[in-house]
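What follows is one structure encoded as structure tokens, with my remarks underneath.
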Amino acid sequence: MSLVDRYGENPILTARDVPYPVATVHNAGVVKHEGRYVMLFRSHRHNGRSIIGIAESEDGFHFQVRGEPFLVPAVEGPFAEVEEFGVEDLRICPMPGEGYLLTYSGYSRHGVRILLARTDDFRTVERIAAISQADMRNVVIFPRKFNGRYARLDRPHSEISPWSIWISYSEDLRYWGDSKVVMKPAPYHWDALKVGPGATPIQTERGWLHIYHGVFSTMDGAVYRLGAALHDPEDPSKILGVCDDWILQPEDPWEVTGYVHNVVFTCGAVPEEDGTVKIYWGGADTVMCAGTARLEALVESCLTDSRSPM
Ligand code: BMA
């Protein structure tokens, strides 16, 4: 039995739904804000550089795209240099009492770095700081502080320890440190090449559920799948279990074929009051898809039949 039930009318959003010229719609952060779902999705412009659009929905499946993008690369001021080649793969962290923290990749001639911005209403957005050096992608902030500090999962890369998931802490969201590796690719396994943060972690009774992406290298290129890991409720640097199997792999035609084939990639999942979670993923870097899972079943899958995090 599969853990994630694909929505019957995938893909839920494509470039055809966007009222300005874009080539793709993918890798979106999603939250529920004042009872409505808000999706901040990435699109390639026809010049190959990415921007972030915004779409809204009553039911989490049927989205209406706003006429104007939400975030485009800054052309002046301190962020122009960091965002010159595009902004990508935004995650939304609802931080109680502090609005929504947004983390995204900024590409430039200096490499890829993570930027932090903030919004209260998804109408205006305030850029705060570049919060990593190059090269860093895929940062998710936990939607709660631990002993007075913010915590994030990040993904530095080095030849000695390739594409692993680390944790870092901050008192002010700008300066991060006390970093420690928490999870590495497993040798000759579906996530053997890379692991990286996916959706903003979700609080459950038994810990923080993190839906991550894992990559396997084949003679036909990389295959991107989704997996699940459970972090200790009070000490997120401790992983209680990682599900040995993937929870989602490219299967539908729009996941297998597209701008980059064989990719399912998540930047957002929305927990519901009935114990389910809506998971959103980009299919083949071209369209947005959605599915539903039971949180308890995902948590269980991390604790039974688990692989070692390192
Ligand atoms: C990763 C990122 C993602 C993308 C994936 C598959 O390295 O660039 O944005 O979805 O590759 O192309």
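The values are calculated or read from the model by the stated rules, or taken from the named source; none is laboratory data. All figures in this text were calculated on a predicted structure; none of them were measured in a lab. Every residue, glycine among them, receives a Cβ derived from its backbone with ideal geometry; neighbour counts consider all protein chains shown. In case anyone asks, the SASA skips ligands and DNA or RNA and just uses the protein heavy atoms, side chains included. Shrake-Rupley method; radii C 1.70, N 1.55, O 1.52, S 1.80 Å.
Yes/no matrix, rows are residues, columns are (1) under 22 Å from L40 (Cα atoms); (2) within 16 Å of the ligand (Cβ to nearest atom):
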| site | (1), (2) |
| --- | --- |
| F142 | yes, no |
| P156 | no, yes |
| E159 | no, no |
| W166 | no, no |
| S179 | no, no |
| D191 | no, yes |
| P201 | yes, no |
| R206 | no, no |
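A single entry from Y175, Y169, Y150 fulfils the requirement of being in a strand (DSSP E or B), farther than 24 Å from S308 by Cα, at pLDDT 95 or above and out of contact with any helix residue (DSSP H, G or I) (no Cβ under 7 Å at 6 or more places or on another chain): Y150. Only strands (runs of 3 or more DSSP E) whose full extent lies in segment 252-310 are considered here, and none of them has at least 2 residues that are of a type in the set (S, T, N, Q) and either open to solvent by 30 Å² or more (accessible area, probe 1.4 Å) or over 15 Å from L13 (Cα atoms) (or both). Apart from one condition, A134 fits all of (1) out of contact with any Gly (no Cβ under 7 Å at 6 or more places or on another chain); (2) within 16 Å of the ligand (Cβ to nearest atom); (3) aliphatic (A, V, I, L, M); (4) not in a strand (DSSP E or B); the exception is (1).
Please indicate, with yes or no, whether at least one residue in segment 253-264 is within 16 Å of the chain's Cα centre (by Cα) and modelled with pLDDT of 95 or more. Yes, because at least one residue in segment 253-264 is within 16 Å of the chain's Cα centre (by Cα) and modelled with pLDDT of 95 or more.
If the condition is being aliphatic (A, V, I, L, M), touching a Phe, Trp or Tyr at 6+ places or on another chain (Cβ under 9 Å) and part of a strand (DSSP E or B), then segment 90-115 contributes L90, I92, L101, V112, I114, L115.
If you go through segment 79-115 and keep only what is more than 21 Å from A28 (Cβ to Cβ) and either within 16 Å of the ligand (Cβ to nearest atom) or under 17 Å from the mean Cα position of the chain (by Cα) (or both), you end up with S108, G111. The C-beta contact set for segment 238-255 (first residue closer than 16 Å to V195 by Cα, second residue among the basic types (K, R) and open to solvent by less than 40 Å² (accessible area, probe 1.4 Å), distance under 7 angstrom, 6+ apart or interchain) comprises V242/R307; D244/R307; W246/R225; L248/R225; Q249/R225. Among the residues making up segment 270-289, those that are of a type in the set (G, A, S) and within 16 Å of the ligand (Cβ to nearest atom) are G282, G283, A284. Return yes or no: is T200 of a type in the set (S, T, N, Q) and within 24 Å of V264 (Cβ to Cβ)? It is true that T200 is of a type in the set (S, T, N, Q) and within 24 Å of V264 (Cβ to Cβ).
Looking across segment 72-97, the residues that are aliphatic (A, V, I, L, M) and open to solvent by 50 Å² or more (accessible area, probe 1.4 Å) come down to V72, V75.
Residue check: is S217 surrounded by fewer than 18 Cβ atoms within 10 Å (Cβ to Cβ), among the polar types (S, T, N, Q), more than 22 Å from T292 (Cα to Cα) and within 16 Å of the ligand (Cβ to nearest atom)? Criteria met by S217.
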